[in-house]
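Before any comments, here is the structure.
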Amino acid sequence: MSAKRMSLAFVSVLLLSACGTYVPDTQDFPGNQGDQQLLVAAVIQSIHCEVSNAISDIYDKVKKYPAMTPVAKALDNWGMQLTLSLKTEEKGTLNPTVAWTPPNPATALFSLAGGATLSADAIRTDKIYFYYRVKDLKNRHCRAGVQPTGPVSSPLIQTNLKFGDYLFDTLIPVGSGDLDLPTSPNGPLKQNVLYYEVSFEITTTGTLNPAWTFTRVLVNPAGTLASASRDRTHDLQITMGPGDSSGLTGTAATAQLSGDVGQSVANSLRTVIGR
């Protein structure tokens, strides 16, 4: 093997195995810090439009169908807490193996092989919390799913995260009188809280398997010498319930906290199981 090829293989191995030794970027390669800011801003904007359009559509239906008036009455005293989580995990593994063979392997009784494993794992989690009063969104319409320019993207930037479908399906029983929504955190219906979550996970993996053969030594004769993976988990939680200008109250606040803690635990378990 020429010196140029050996150098190229060596550099590639170093690059792959270095993943997990530094804080990963939220945006994908070859994006920069500016692209990262565009990504976060685009995700927030798209989510804002998604929930605003869903709430506006519900109020529009109330105007058409008077039987759903109790829905508007309850929602006017509700709040909406959103939790956006952008988790990025990068792993790098270096697993060299060496095999020594005697001068006459056909009659030899002994050979020697060895190996070592070095791995690194870096996790970055960006969380953003934002809160709306439902009544402040009932007249807002905007365009969701506007993708930013450049090498940045997120599955949360979509024209339809199905939140509007969930909201309408859930509130139909209210209009029919089969379910009541609480208007106060201290009332008898205070535990009637709505919770919606959508999560996307995208994993990219690369491996490198060079091998060198010398007179009596084989370097990396089988297996993977270096590997790297990048795992992106983008999660959105929406909790709706009685609230005021300062945030959710009563059981709604507890439900939001439980969902946040549950997502953190799920991420930790996913990381441990994936190792």
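Quick look at the values:
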{"quantity": "Per principal axis, descending, Cα span of segment 82-144 in whole Å", "calculated": "86, 20, 12"}
{"quantity": "Long-range HN-HN contacts of Thr97 with modeled amide H, under 5 Å", "calculated": "Asn220"}
{"quantity": "Residue pairs, from the table Lys127/Lys162; Lys63/Lys135; Lys91/Lys127, whose Cα atoms sit over 18 Å apart", "calculated": "Lys127/Lys162; Lys91/Lys127"}
{"quantity": "Partners for Lys73 among aspartates and glutamates (Cα-Cα distance below 12 Å; same-chain residues under 8 apart left out)", "calculated": "Asp180"}
{"quantity": "Neighbourhood charge, 13 Å Cβ-Cβ cut-off, centred on Ile55 and excluding it, Lys, Arg +1 and Asp, Glu -1", "calculated": "0"}
{"quantity": "In segment 116-166, trypsin sites (Lys or Arg not before Pro) in a DSSP loop with at most 12 other beta-carbon atoms within 10 Å", "calculated": "Arg143"}
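Since every read-out is calculated from the coordinates, none of them should be taken as a lab result. Nothing here was measured: the structure is a model prediction, and the numbers come from that model. Don't worry about glycine lacking a Cβ; one is built from the backbone with ideal geometry, like all the others, and counts go over all protein chains shown.
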